[in-house]
Amino acid sequence: MSITLISALIALVVYLLALLWLGAQSLGGQTGSADSYFLADRRLRAGVLFFTLIATNFSAFFFLGFAGAGYRIGIAYYPMMALGTGLAALSFGSLGCRVRSLSAKHGLITPSELIGHLLPAEGLRLLVLSVMVLFTLPYLALQPLGAGYLLESLTGGAVPFGVGAALLTVVIVIYVVGGGMRAVARTDVLQGVLMFLLMLMAFVAVANGVGGIEKANLTLLQQLPDLFSGAGLGGFFTPRVMASYLLLWPLCLPMFPQMLMRFFAAGDDRSLKQSMVLYPVVAGVLFICPVLIGMWGHLAFPDLVGRASDQVMPLMLGRYSPEWLTGIVMVGALAAFMSTLDSQLLALSSMLTRDLYKRYWRPQASLAEQVRVGRLAVIALAVAGLVIALRPPEAILSLATHAFSGLAVLFPMLVGAVYGLRWTVAGAMVSVLGGEAVLLGLALGGIPESFQMGYLPLIPALVVACIVLGVDQLVAYWRRA
């Protein structure tokens, strides 16, 4: 048995036991109410709130995808992601405080309840619920899928894919069912710290292995100067693609239900604002690490093609870091998977419980009954995600790749409503449906690619959504006049 495997198994066991212990510690603070289970009594303060926001958002793409993009594109990927994340923090700060205030004042727990309060209409509530579930559930299924493959690779096949995916899912279900948002937030602190420290350790180890940052970059500059260009290898970042990415993150990230519910759970505006200040600073420091590791991958593995480049992080660790460190760092990637999955499970379970079960099936359901149903929903969603992960249909994978754009279409309608714009129900619904129809048409080929005019598909979808809302306001103004 190799040192890498031994260190990985020890780190994995310690990590999973720590998650279960933190989950057990969260049992005592619950009051039995829906607020307590789904939102931790709306008392998350700055430190915990920051970690739960960042751990929820940083999936394993931070470990594996960023390095792969650094390999395929170059240093240009870093400012796009760092600046986009900074803009997302501004979006969180401005939107989050208003959402927190509204949700606390009116006892709102889910995004659908928020939009139902702002624009009372059953059809619109159900539309928002459907869009969020449609694009979040496939993304949820990708987490056990990726975690299972990573664990299988990490242990050299000693833990098969299916067993690994099931094991990690069971651990998450235990602490989410038991402790709700309080357990998720506490485990997010551990997982966030692990992600940060292990990424920094990986960076230092690989940087030393390639002879230092300056030497590696100078060598690459001579061999592949386009890695350091503003457009990246192959001219990936055209000005229009850059603009698309800079709009994508601040518009899509707040629309994930698990992110919106962090705003609901914040203890006060000050905690939210402090978290938003830390968010881009930490992201700006950390994002450069996997991107540079990916770029340096050309020095050791010059022939990686396409998605094979997403394996450049474990390949570089295997080549340049001590054997014991490779396994431990990959546990950090598992933490990224799990911190995203637990938040998605809790968010979707709250929506199924409050927006479907309580609203349409059992309006008289007590707070304790809602918590019981929420726990059952966590289990059901986890099983569904695991089943999908074991045999993922092509349609599910396609939906997951469009999740960010699909959710971003909600942004103009929802944010306008939060800031006091009174869309008509018809205008709000047509805005969302029109934007989603554009995304669907572009994905299926029904709308020619030229319609994008060089932008990502999100941009024409947003243009259509905003035009509909603009016309809606003009018509309403003319009617009032």
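Which of the chymotrypsin sites (Phe, Trp or Tyr not before Pro) found in segment 329-430 are loop residues per DSSP with 12 or fewer other Cβ atoms within 10 Å of their Cβ?
On the way: sites: Phe337, Tyr357, Tyr360, Trp361, Phe404, Tyr419, Trp423; in loops: Tyr419, Trp423.
Here the chymotrypsin sites (Phe, Trp or Tyr not before Pro) that fit, given the DSSP loop and packing criteria, are Tyr419.
The H on the amide N of Leu456, modeled in the peptide plane, is under 5 Å from the matching H of Ser244, each at least 5 residues off or on a different chain.
Spin-label model, Phe228 to Ile3: label points 7 Å out along the Cα-to-beta-carbon direction sit 3.4 nm apart. Note: relative contact order over the chain, using C-alpha pairs below 8 Å and six or more positions apart, is 32 percent.
Which listed residue (Ile288, Ser275, Thr238) has the Cα farthest towards the positive end of the charge dipole for segment 182-303, taking +1 on Lys and Arg C-beta and -1 on Asp and Glu C-beta about the Cα centre? Of the listed residues, the answer is Ser275.
From helices alone, the chain scores -25500 deg cm²/dmol at 222 nm; the rule is -39500 (n - 2.57) for each run of n ≥ 4 DSSP H residues, then divide by the residue total. Around the Cα centre of segment 328-419, unit charges on the Cβ atoms of Lys, Arg, Asp and Glu (plus for the first two, minus for the last two) sum to a dipole of about 320 debye. Please say if the chain is rounded, prolate or oblate, where rounded means a/c under 1.5 for a ≥ b ≥ c the square roots of the C-alpha gyration tensor eigenvalues, and otherwise the choice is prolate for a/b larger than b/c and oblate otherwise? Judged from the Cα gyration tensor, the chain comes out oblate (a/c at least 1.5, b/c at or above a/b).
Over segment 216-304, what is the mean sequence separation of C-alpha contacts under 8 Å (at least six apart), divided by residue count, expressed as relative contact order in percent? Let's see the in-between values first.
Numbers: 20 pairs, mean separation 27.7, N = 89.
RCO, segment 216-304: 31 percent.
If R0 is 41 Å, the Cβ-Cβ spacing of Arg45 and Glu122 corresponds to a FRET efficiency of close to 0.70. Here the 3J(HN,Hα) profile of segment 425-441, calculated from phi with Karplus coefficients 6.51, -1.76 and 1.60 at θ = phi - 60°, is 4, 4, x, 5, 5, 5, 4, 5, 5, x, x, 5, 5, 5, 4, 5, x Hz, Gly and Pro shown as x. Full extension of the chain between Lys215 and Val170 gives 11.7 nm of extra length, using 0.36 nm per residue less the Cα-Cα distance.
Placing +1 on each Lys and Arg Cβ and -1 on each Asp and Glu Cβ, with no other charges, gives the chain a dipole about its Cα centre of roughly 1200 debye. The phi torsions of segment 175-190, fed into the Karplus equation with coefficients 6.51, -1.76 and 1.60 and a -60° offset, translate into couplings of 7, 6, 4, x, x, x, 4, 4, 5, 4, 5, 5, 5, 5, 4, 4 Hz, rounded to whole numbers, with Gly and Pro shown as x. Taking a point 7 Å from the Cα of Leu367 along the Cα-to-Cβ direction, the residues of segment 100-114 with backbone N closer than 14 Å to it are 107-109.
Neighbour counts of C-beta atoms inside 10 Å place Arg480, Arg307 in the sequence Arg480, Arg307, starting with the fewest. An oblate overall shape is assigned to segment 188-283, the ratio a/c of its alpha-carbon gyration tensor axes (a ≥ b ≥ c) being 1.5 or greater and a/b not exceeding b/c. With θ set to phi - 60° and the Karplus curve 6.51 cos²θ - 1.76 cosθ + 1.60, what are the ³J(HN,Hα) couplings of segment 86-99 in order, to the nearest whole Hz, using x for Gly and Pro? Karplus-based 3J(HN,Hα) across segment 86-99 equals x, 5, 4, 5, 4, 4, 4, x, 6, 6, x, 5, 5, 5 Hz. Here Lys215 is the anchor, and the aspartates and glutamates within straight C-alpha reach of less than 18 Å, apart from those fewer than 8 places off in the same chain, are Asp226. For Leu108, no residue whose modelled amide H falls within less than 5 Å of its own remains once neighbours fewer than 5 places apart on the same chain are excluded. Site pair Val277 and Phe451 shows an inter-label distance of 4.5 nm when each label is modelled 7 Å from Cα along Cα→Cβ.
Each of Arg354, Arg270, Arg42, Arg262 was scored by other Cβ atoms within 10 Å of its Cβ. Listed from fewest to most, they are Arg270, Arg42, Arg354, Arg262.
Values quoted throughout were computed directly from the atomic coordinates according to the rules given, and no laboratory measurement underlies them. The model shown is predicted, which means the values in this text are computed figures rather than measured ones. Quick reminder, even Gly has a Cβ in these numbers, built from the backbone with ideal geometry, and neighbours come from all protein chains shown.
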